[in-house]
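Undergrad: Pasting in a structure now, in structure tokens, and then I'll have a few things to ask.
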Amino acid sequence: MRIAPASDSALFISFGDSISLETHRRVVSLFHAVERLRDRRIRNLHPAYTSLLIDFDPLHLTHEQLESLVAPLILQSLPSNLESSGLIEIPVCYDREFAPDLAAVAQHSLLTEEQVIATHAGGDYFVYFLGFSPGFAYLGGLAGQLHVPRLVTPRKQVTAGSVGIAGAQTGIYPNSSAGGWQLIGRTPLRMFDASTTPPSRLQPGDHVRFRRIDRGEFDRLARQQEWGR
Amino acid sequence: MIRGPMIRVIKPGLLTTVQDLGRRGFAHLGVSPGGAADSISFRIANLLVGNDLNAPALEITLLGPTLEFEVEATIALSGHGTSASSPISLPMTEAFEVAAGTILAVGPLSAGARAYLAIRGGLVIPEMMHSSSTFLPVKIGGLQGRALQSGDELMIGKRTQGSFRKLSPVVAASLWPYQGPIRVTRSIQTDWFNHETVERFNRQPFTVTEQSNRSGLRLAGEPILASHRGELLSEGVALGAVQVPPNGQPIILFVDQQTTGGYPKIANVIAADLPCVGQLRPRDEIRFQSVKIPEAIELLRQQERALHEAFAS
């Protein structure tokens, strides 16, 4: 375990450095315990696979005080139940125009492009947490052959719906944003809509599968999404 | 329905958005803090017109809007520059009256990247996740989640908390734009970079590139390369984090930041210098300077004290 300041206003608490449900349960449990403190000096909580970043008001709380606030919560924390009932299917079109990094991923993983697609679409995934951008679900469960590095230079603009992979994780960009993951496909579904409750299509604890679709179905589903607005 | 007093947007300016002091408590949903890029100038503008500190106001980027006032109003501009206007010069950091029917053209800012235009009473903007600030990447908050457009109508509210305030010039001088290096503390992966690289990071100049916005400022300079190799599992990132992708060109994560990320972070901008980051223009040259956390907190306290004292008299 590691506790260290991330900035003059943030404390970083890490339980390990590889994805496992065991480690993640401790993160989720600490996240809920800190949330229950309802301490106004704590401004934001950023849970991730194995870590929790706590953003706080440095004029009214020090790193040391915060550490002594959370230390007992770390000890007491009971393993959280992570599973939700959801099994969610996300249609993804892996056509070239949506997959600018497919060739690079195939080369890196020593697979054919078809094998990369089949491997990605054949996996069972689990939503660990939301982060990065509203509605971005970090998925664990990516097959080992597909673990590839992030881009050397992140893109300034990634189109909403793009499906990316980086290291041991995969995810869908819900909004157009900058991004450094390797892009191998795109979903026509809207992943985040601030006017719905909950606004995010995927929730922590959901199980996710990708279904490969062709360009025709992509366009059809994209049109349905527009009508549904 | 009774229509409130209106301001009509004749020209929107380069990028004018409604901002307040931001939204907190939604980082676990991937929602960044947002809010005014320079929270000091934002608060000064609201204080000058006697508004509550968080009243929605306009954030102007480089080139201001042209606005038609349907009613008499009291407004104030605040930023790093000393003037903004065309054809006549508008006072900065001082409240002034505009008569009904006035067309106010806020021109190019003389310095800094952003200025704030506060109107006594604030703007009436519905809150989205406890804030009126415009979050452009996801199109939420502000005016339908977007920047101002010609033809928009803005309604003036009633969010005052006192009379107009004057900024004491002596104290203002101590608040006035800090021009030195951007001060940073260590971050979670500082030790991914060897000692010489960290030293060089704190010494060499970087240029702010055109690829910069409220989400992040991309810098260009002699590459800063990590000595440790590895793919980081994505983790929470703090406001002002300086992350370094493998190309060695640092990115300062700013108010509309990603809430988690996986590039290593070499440093983190101190809270007191975040408003200065909001004033950086593309092509500006900057340097970083390393400080310890207690010094960073002390600088923040001094800044808050100065802001308080500037309006005390």
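The values are calculated or read from the model by the stated rules, or taken from the named source; none is laboratory data. Keep in mind the model is a prediction, meaning the values are calculated, not measured. Cβ atoms come from the backbone with ideal geometry, glycine included; neighbour counts cover every protein chain shown.
Undergrad: Among strands (runs of 3 or more DSSP E) lying entirely in segment A:100-166, which contain 2 or more residues that are closer than 12 Å to residue A:184 by Cα, at pLDDT 95 or above and in contact with a Leu (Cβ under 7 Å, 6 or more places away or on another chain)?
TA: Per the criteria, A:162-166.
Undergrad: Moving on to the next point. Name the pairs: first residue in segment A:126-155 and within 7 Å of another protein chain (Cβ to nearest Cβ) and of a type in the set (A, V, I, L, M), second residue surrounded by 23 or more Cβ atoms within 10 Å (Cβ to Cβ) and in a loop (DSSP other than H, G, I, E, B), Cβ to Cβ under 8 Å, at least 6 apart or on different chains?
TA: Note: pairs meeting the criteria are A:130/A:136; A:130/A:202; A:130/B:30.
Undergrad: Does residue B:122 satisfy being within 14 Å of another protein chain (Cβ to nearest Cβ), modelled with pLDDT of 95 or more and within 20 Å of the chain's Cα centre (by Cα)?
TA: no
Undergrad: As an exercise: evaluate residue A:106 against (1) within 12 Å of chain B (Cβ to nearest Cβ); (2) of a type outside the set (S, T, N, Q); (3) more than 11 Å from the chain's Cα centre (by Cα) and give the number of the one condition it does not meet.
TA: (1)
Undergrad: Residues in segment A:1-17 that are at the interface with chain B (Cβ under 10 Å from one of its Cβ atoms) and in contact (Cβ under 8 Å) with a residue 40 or more places away in the chain: how many?
TA: The qualifying residues number 8.
Undergrad: Go through (1) buried (at least 21 other Cβ atoms within 10 Å of the Cβ); (2) touching a residue at least 24 places away in the same chain (Cβ under 8 Å) for residue B:243 and report which single condition fails.
TA: With (1) buried (at least 21 other Cβ atoms within 10 Å of the Cβ); (2) touching a residue at least 24 places away in the same chain (Cβ under 8 Å) applied to residue B:243, the lone miss is (2).
Undergrad: A follow-up question, please. Part of a helix (DSSP H, G or I) and within 30 Å of residue A:215 (Cβ to Cβ): does that describe residue A:97?
TA: So residue A:97 passes the test.
Undergrad: Same structure again: I'd like the full set of residues that are closer than 13 Å to residue A:135 by Cα, without any contact (Cβ under 8 Å) to a residue 60 or more places away in the chain and in a loop (DSSP other than H, G, I, E, B), limited to segment A:167-194.
TA: A:173, A:174, A:175, A:176, A:190, A:191, A:193
Undergrad: Here is a follow-up. Could you figure out which of (1) at pLDDT 95 or above; (2) away from chain A (no Cβ under 14 Å) isn't true of residue B:35?
TA: Checking residue B:35 against (1) at pLDDT 95 or above; (2) away from chain A (no Cβ under 14 Å), the one that fails is (2).
Undergrad: Here is a further query. List the pairs whose first member sits in segment A:41-58 and is free of Cβ contacts under 8 Å to residues at least 40 places away in the same chain, whose second member is acidic (Asp, Glu), and whose Cβ atoms are under 7 Å apart, counting only residues at least 6 apart or on separate chains?
TA: Pairs that qualify, where the first residue is free of Cβ contacts under 8 Å to residues at least 40 places away in the same chain and the partner is acidic (Asp, Glu), are A:41/A:57; A:43/A:55; A:43/A:57; A:44/A:55; A:45/A:35; A:50/A:17; A:51/B:235.
Undergrad: On to the next question. Checking the structure you have, find out if any residue of segment A:63-72 is hydroxyl-bearing (Ser, Thr, Tyr) and either surrounded by fewer than 22 Cβ atoms within 10 Å (Cβ to Cβ) or assigned to a loop (DSSP other than H, G, I, E, B) (or both).
TA: yes
Undergrad: Right, another one. Select, from B:115, B:45, B:55, the only residue that is part of a loop (DSSP other than H, G, I, E, B), of a type in the set (A, V, I, L, M, F, W, C), surrounded by 22 or more Cβ atoms within 10 Å (Cβ to Cβ) and touching a residue at least 60 places away in the same chain (Cβ under 8 Å).
TA: Of the residues listed, the single one that is part of a loop (DSSP other than H, G, I, E, B), of a type in the set (A, V, I, L, M, F, W, C), surrounded by 22 or more Cβ atoms within 10 Å (Cβ to Cβ) and touching a residue at least 60 places away in the same chain (Cβ under 8 Å) is B:55.
Undergrad: Which count do you get for residues in segment B:146-163 that are surrounded by fewer than 17 Cβ atoms within 10 Å (Cβ to Cβ) and in contact with a helix residue (DSSP H, G or I) (Cβ under 8 Å, 6 or more places away or on another chain)?
TA: 1
Undergrad: Hey, another quick one. Looking only at residues that are out of contact with any helix residue (DSSP H, G or I) (no Cβ under 6 Å at 6 or more places or on another chain) and under 19 Å from residue A:106 (Cβ atoms) in segment A:156-179, which one is nearest to the other protein chains (Cβ to nearest Cβ)?
TA: The selected residue is A:167.
Undergrad: Just give me the residues in segment B:285-296 being of a type in the set (A, V, I, L, M, F, W, C), more than 12 Å from chain A (Cβ to nearest Cβ) and in a loop (DSSP other than H, G, I, E, B), in sequence order.
TA: none
Undergrad: Output the residues belonging to segment A:31-40 that are touching a residue at least 12 places away in the same chain (Cβ under 8 Å) and away from chain B (no Cβ under 12 Å).
TA: Hits for segment A:31-40 are A:33, A:37.
Undergrad: If you check B:209, B:190, B:160, which single one turns out to be within 30 Å of residue B:132 (Cα to Cα), in contact (Cβ under 8 Å) with a residue 24 or more places away in the chain and more than 21 Å from the chain's Cα centre (by Cα)?
TA: When all the criteria are applied, what remains is B:160.
Undergrad: Now for a separate question. Within segment B:214-248, which residues are touching a strand residue (DSSP E or B) at 6+ places or on another chain (Cβ under 9 Å), at the interface with chain A (Cβ under 10 Å from one of its Cβ atoms) and over 22 Å from residue A:14 (Cβ atoms)?
TA: B:215, B:216, B:218
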